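J.: Can you read through this structure? Questions will come right after.
The values are calculated or read from the model by the stated rules, or taken from the named source; none is laboratory data. Note that the structure is predicted; figures quoted are calculated from it, not measured. Counting neighbours? That spans all protein chains shown, and the Cβs are built from the backbone with ideal geometry, glycine included. Surface accessibility is based on the protein's heavy atoms, side chains included, excluding ligands, DNA and RNA. Shrake-Rupley method; radii C 1.70, N 1.55, O 1.52, S 1.80 Å.
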2 protein chains.
Amino acid sequence: MVGKEIGERHFIEDIALFCEQMGLPRMAGRVLGVLLISDPPSQSLNDICDCLQASKSSVSTMARFLVGEGLIEQAPCLVPRRDYFRFRTGGWLEFMRRRMEVMAGLHDIADRGLSLLDGKDDSLKSRLEEAHDVFEFVDTEFRGWFERMGQRSRKQR
Amino acid sequence: MVGKEIGERHFIEDIALFCEQMGLPRMAGRVLGVLLISDPPSQSLNDICDCLQASKSSVSTMARFLVGEGLIEQAPCLVPRRDYFRFRTGGWLEFMRRRMEVMAGLHDIADRGLSLLDGKDDSLKSRLEEAHDVFEFVDTEFRGWFERMGQRSRKQR
DNA sequence: TCGAACATTCTGTAAATACCGAACGATCAG
DNA sequence: CTGATCGTTCGGTATTTACAGAATGTTCGA
């Protein structure tokens, strides 16, 4: 059981707020919050509903949403005909990776913008060259970064 | 003048879409898009309105919003009583920096979560230790990263 | 002191979003 | 086959958001 104490409620809401800032639905953050401090780690949809006092439909929808985001996964069910979910190992890394991928997308857009300024003065291009540089740097630097980070967390286990 | 050609419109809309994915209002992205390819770099609110065919109120609001985000800045006005805006040098770096700061906020939340699991089995803590590690790593690694990146772009100028 | 040319702020509206409850569909025990 | 127990999906509602247009405030030239 989880979510009875005030500290747990507070934690769950902080995760929800964080998720909201990241562009995820707040309810998704709450579900995630439960699965970050639950004992045991695997919880059924009904468990989560009880804990959050939220409707089955919301929890079901958000659980599948979080699976798609790579943050949680379905756990082997102890009881037949019941879905258990748990936080997915490496979920945070995967989350960061996807975020960085979106950001790196600006790299190509900046290139297209530069071609629009073709032939014009260099001073006009510096804006987009900055974007190009920053996000190309993100793109390349992060691949190595994630590899190192992945190895590091794999080693710790 | 900007935004007449199809390529420019397309670029602006791509920036708008990117901004939307980053959680900024789409119209803010459009204003930013104009200021990334405008010639000259500094444009008045009216110029931007004309280019986007958007209302003054939206453009005014979004321009001030982007100033707050550190992505654009007010330019010294060539004509009195008129606000000129331009892309802010280092804006993308600042943008990334703030994003990373939000992400690093999870570092503290994870710590608070860990204290909730105090005394419980270590296997329960690994979820939050992962969060702790990833976002502490983000927090520290990025400070150095941004410094290097800042120096690099300063050198290029 | 007007009035023109701005920018900002307020108000309204249309669209998107978050959430719930109910209906529905599937699966298993009896 | 029937009912109980799940999960999913559908429809509705309330809140939020993204804009536009009108009203307001400000500065400057005549």
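J.: Would you mention how many residues in the range A:16-45 are free of Cβ contacts under 8 Å to residues at least 24 places away in the same chain and in a helix (DSSP H, G or I)?
T.: Count: 9.
J.: Filter the range B:59-68 down to the residues that are buried (at least 18 other Cβ atoms within 10 Å of the Cβ) and more than 14 Å from chain A (Cβ to nearest Cβ), then identify the one that is nearest to DNA strand C (Cβ to nearest atom). If you could, list the steps in order and put the result at the bottom.
T.: From the range B:59-68, those buried (at least 18 other Cβ atoms within 10 Å of the Cβ) are B:59, B:62-63, B:66; that's our starting set.
Filter again for more than 14 Å from chain A (Cβ to nearest Cβ), leaving B:59, B:62-63.
Working: B:59: 8, B:62: 10, B:63: 6 Å.
Result: B:63.
J.: Also, quick follow-up: Could you list, in sequence order, all residues of the range B:105-124 that are more than 7 Å from chain A (Cβ to nearest Cβ) and open to solvent by 80 Å² or more (accessible area, probe 1.4 Å)? Lay out the reasoning, then the answer.
T.: Residues of the range B:105-124 more than 7 Å from chain A (Cβ to nearest Cβ): B:107-108, B:110-111, B:114-115, B:118-119, B:121-123.
Within the range B:105-124, B:108, B:118, B:121, B:122 qualify.
J.: Would you confirm whether or not the range B:25-45 contains a residue that is open to solvent by 30 Å² or more (accessible area, probe 1.4 Å) and within 23 Å of residue A:100 (Cβ to Cβ)?
T.: Filtering the range B:25-45 down to residues open to solvent by 30 Å² or more (accessible area, probe 1.4 Å) leaves B:25-27, B:30, B:39-41, B:45.
Next cut, within 23 Å of residue A:100 (Cβ to Cβ) only: B:25-26.
Scanning the range B:25-45, I find at least one residue that is open to solvent by 30 Å² or more (accessible area, probe 1.4 Å) and within 23 Å of residue A:100 (Cβ to Cβ), so the answer is yes.
J.: Does residue A:82 fit the bill of being away from chain B (no Cβ under 11 Å), outside any helix (DSSP H, G or I) and open to solvent by 80 Å² or more (accessible area, probe 1.4 Å)? Let's see the steps before the verdict.
T.: On the way: away from chain B (no Cβ under 11 Å): yes; outside any helix (DSSP H, G or I): yes; open to solvent by 80 Å² or more (accessible area, probe 1.4 Å): yes.
Yes; evaluated as a whole, the condition is true for this residue.
J.: Could you give every pair whose Cβ atoms fall below 7 Å, whose first residue belongs to the range B:60-87 and is free of Cβ contacts under 8 Å to residues at least 24 places away in the same chain, and whose second residue is β-branched (Val, Ile, Thr) and within 11 Å of DNA strand C (Cβ to nearest atom), counting only separations of at least 6 or pairs across chains?
T.: Within 7 Å, the pairs are B:73/B:67; B:74/B:67.
J.: Could you tell me whether residue A:56 is surrounded by fewer than 21 Cβ atoms within 10 Å (Cβ to Cβ), assigned by TED's automatic domain parsing to the domain that holds residue A:146 and basic (Lys, Arg)?
T.: Numbers: surrounded by fewer than 21 Cβ atoms within 10 Å (Cβ to Cβ): yes; assigned by TED's automatic domain parsing to the domain that holds residue A:146: no; basic (Lys, Arg): yes.
The answer is no for residue A:56.
J.: Look at residue A:137 and say whether it is among the hydrophobic types (A, V, I, L, M, F, W, C), touching a helix residue (DSSP H, G or I) at 6+ places or on another chain (Cβ under 9 Å) and open to solvent by less than 10 Å² (accessible area, probe 1.4 Å). Steps first, please.
T.: On the way: among the hydrophobic types (A, V, I, L, M, F, W, C): yes; touching a helix residue (DSSP H, G or I) at 6+ places or on another chain (Cβ under 9 Å): yes; open to solvent by less than 10 Å² (accessible area, probe 1.4 Å): no.
No: the conditions fail for residue A:137.
J.: Identify, by number, the condition in (1) within 9 Å of chain B (Cβ to nearest Cβ); (2) crowded, with 16+ Cβ neighbours inside 10 Å; (3) under 14 Å from the mean Cα position of the chain (by Cα); (4) on the phi < 0 side of the Ramachandran plot that residue A:102 doesn't meet.
T.: (2)
J.: Conditions: (1) more than 15 Å from DNA strand D (Cβ to nearest atom); (2) more than 30 Å from residue A:143 (Cα to Cα); (3) open to solvent by 20 Å² or more (accessible area, probe 1.4 Å). Residue B:75 meets all but one. Number of the miss?
T.: (3)
J.: Evaluate the range A:36-50: report whether one residue or more is more than 12 Å from DNA strand D (Cβ to nearest atom) and polar (S, T, N, Q).
T.: We begin by selecting, within the range A:36-50, every residue more than 12 Å from DNA strand D (Cβ to nearest atom); these are A:36-41.
Checking which are polar (S, T, N, Q) leaves us with A:38.
Among the residues of the range A:36-50, at least one is more than 12 Å from DNA strand D (Cβ to nearest atom) and polar (S, T, N, Q), which makes the answer yes.
J.: Failed condition for residue B:150, given (1) without any contact (Cβ under 8 Å) to a residue 60 or more places away in the chain; (2) surrounded by fewer than 16 Cβ atoms within 10 Å (Cβ to Cβ); (3) not in a strand (DSSP E or B), with all others met?
T.: Tallying (1) without any contact (Cβ under 8 Å) to a residue 60 or more places away in the chain; (2) surrounded by fewer than 16 Cβ atoms within 10 Å (Cβ to Cβ); (3) not in a strand (DSSP E or B), residue B:150 fails exactly one: (1).
J.: Before we move on, is residue B:90 exposed (fewer than 15 other Cβ atoms within 10 Å of the Cβ), more than 12 Å from DNA strand D (Cβ to nearest atom) and at pLDDT 90 or above? Before you say what the answer is, go through the steps one by one.
T.: Numbers: exposed (fewer than 15 other Cβ atoms within 10 Å of the Cβ): no; more than 12 Å from DNA strand D (Cβ to nearest atom): yes; at pLDDT 90 or above: yes.
Against the criterion (exposed (fewer than 15 other Cβ atoms within 10 Å of the Cβ), more than 12 Å from DNA strand D (Cβ to nearest atom) and at pLDDT 90 or above), residue B:90 does not qualify.
J.: Do we have residue B:137 as in contact with a strand residue (DSSP E or B) (Cβ under 7 Å, 6 or more places away or on another chain) and either facing another protein chain (nearest Cβ under 7 Å) or part of a strand (DSSP E or B) (or both) here?
T.: no
J.: Quick one: is residue B:67 among the hydrophobic types (A, V, I, L, M, F, W, C), touching a Cys at 6+ places or on another chain (Cβ under 6 Å) and assigned by TED's automatic domain parsing to the domain that holds residue B:11? Give the derivation first.
T.: Values: among the hydrophobic types (A, V, I, L, M, F, W, C): yes; touching a Cys at 6+ places or on another chain (Cβ under 6 Å): no; assigned by TED's automatic domain parsing to the domain that holds residue B:11: yes.
When the stated conditions are applied, residue B:67 does not pass them.
J.: Among residues belonging to the range A:23-47 that are more than 11 Å from DNA strand C (Cβ to nearest atom), more than 16 Å from residue B:110 (Cα to Cα) and not acidic (Asp, Glu), point out the one that is farthest from the other protein chains (Cβ to nearest Cβ).
T.: Once the filter is applied, the top-ranked residue is A:46.
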